[in-house]
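Here the structure is laid out as structure tokens; the discussion comes afterwards.
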Amino acid sequence: MPVIGGKGPNPWGRWALRWGVPSAVVALGSVWVVEPATRVGAITAAGVALTALLVFVGTMPRRQTPARPRSRRGAGE
């Protein structure tokens, strides 16, 4: 596929470096590194992990449809 405007057809590589890896590190690190000892600490760590997960999912690239137009079934009959 040709590269248009300096951007390739697959945005997943850029997304993984910009959003995916940092979100995963924050989500996992908030529980594994901090190791909360109190209930408030556990709730805080879970909240941070959940927020990182929502950022992770919310920033994923959308699926793009092919550039060629699709004809409707039965068109022209």
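The values are calculated or read from the model by the stated rules, or taken from the named source; none is laboratory data. What you see is a predicted model, and the numbers here were worked out from it, not measured in a lab. Counting neighbours? That spans all protein chains shown, and the Cβs are built from the backbone with ideal geometry, glycine included. These area figures cover heavy atoms from the full protein model, side chains too; ligands, DNA and RNA do not enter into them. Shrake-Rupley method; radii C 1.70, N 1.55, O 1.52, S 1.80 Å.
Key figures
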{"quantity": "Karplus-derived HN-Hα couplings along the stretch 32-46 (A = 6.51, B = -1.76, C = 1.60, θ = phi - 60°), whole Hz, x at Gly and Pro", "calculated": "6, 7, 6, 6, x, 9, 10, 5, 5, x, 5, 5, 5, 4, 5"}
{"quantity": "Theoretical FRET efficiency, 1/(1+(r/R0)^6), r = Cβ-Cβ of Leu17 and Thr38, R0 35 Å, to 0.05", "calculated": "0.50"}
{"quantity": "Value of relative contact order over the stretch 13-59, rounded to a whole percent, pairs C-alpha under 8 Å and six or more apart", "calculated": "50"}
{"quantity": "Residue order for Leu17, Leu28 - accessible surface, 1.4 angstrom probe, largest first", "calculated": "Leu17, Leu28"}
{"quantity": "Solvent accessible area, Å² - Val48, 1.4 Å probe, full protein context", "calculated": "60"}
